[in-house]
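The values are calculated or read from the model by the stated rules, or taken from the named source; none is laboratory data. If you're wondering where the values come from, they're calculated on a predicted model, not measured in any experiment. A quick note on method: Cβ atoms are made from the backbone with ideal geometry, for glycine too, and the neighbour counts reach across all protein chains shown.
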Amino acid sequence: MAALPAPCPVGRGAYAMFQDRNHETMNISRWLGLSLVVLAASVLSGCGYNSIQAADEQVKAAWSEVLNQYQRRADLVPQLVKAVDAYMTHERAVLTQVTEARSRVGSVQITADQLEDPAAVQRFQEAQGQLTSALSRLIAVSENYPQLKADGLFRDLQVQLEGTENRISVARGRYVQSVQAYNVLVRQFPGVITAKIFGYAPKANFGVADEAAVSRPPEIRFSNDASAPKPAQ
């Protein structure tokens, strides 16, 4: 049998060179890809993307705390109405207003993703404001019932409610500050460009009247009796 011809040395050399060049091309492509990732990260950071992201998360956290404190107050209302019901025989309309306002609050809810809608935030504020007003009237009317004021459960609920109003005021103040910081980032250059590219829009804040309310103590006041326990902090 005739012997097979030996492989051509030139062919082997050309193939090896091709492999080396292909390997080098892959390495170059890999390094270019990594460089582009690093460059993109640097550009995004320089354009405020990281700052906007952090501010957005802060707004969501602040809003979550606002909702928690409002829910805490809403949970106290049924107990308060039940405690008052046995004593308040004439001002039934006040109890009805509180109950209806509590129901309205439960039906007007917004998530952190809806904070870019000023109308939704306004509806939420109005519902909470109506409940605040109704509770204020209820507490004012309770002053006409000495036996109610002396009731241990009612007094305990008064303390809890006033403490909750204080927590609401603090939570609202933090939300106002976080939204102000976030809105500055998404409205000023160069953050405004980054915000438009990634879909970050300004968020609704509490209205001027509400912002003023944040800085002062809650308007709900309880018994002037000096022996009444102090509000929970």
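For the range 129-137, indicate whether the set of residues that are under 30 Å from Ala201 (Cβ atoms), of a type outside the set (Val, Ile, Thr), surrounded by fewer than 17 Cβ atoms within 10 Å (Cβ to Cβ) and at pLDDT 90 or above is non-empty. Scanning the range 129-137 turns up at least one residue that is under 30 Å from Ala201 (Cβ atoms), of a type outside the set (Val, Ile, Thr), surrounded by fewer than 17 Cβ atoms within 10 Å (Cβ to Cβ) and at pLDDT 90 or above. Here Asn166 does not qualify as farther than 16 Å from Gln79 by Cα, in a loop (DSSP other than H, G, I, E, B) and not acidic (Asp, Glu). Taken as a whole, the range 92-109 holds at least one residue that is among the acidic types (Asp, Glu) and either assigned to a helix (DSSP H, G or I) or under 22 Å from the mean Cα position of the chain (by Cα) (or both). On inspection, Asn183 fails the criterion of being on the phi < 0 side of the Ramachandran plot, at pLDDT 90 or above and assigned to a loop (DSSP other than H, G, I, E, B). When each of Phe154, Phe124 is tested for being of a type in the set (Phe, Trp, Tyr), under 23 Å from Glu65 (Cα atoms), assigned to a helix (DSSP H, G or I) and at pLDDT 90 or above, the lone residue that passes is Phe124.
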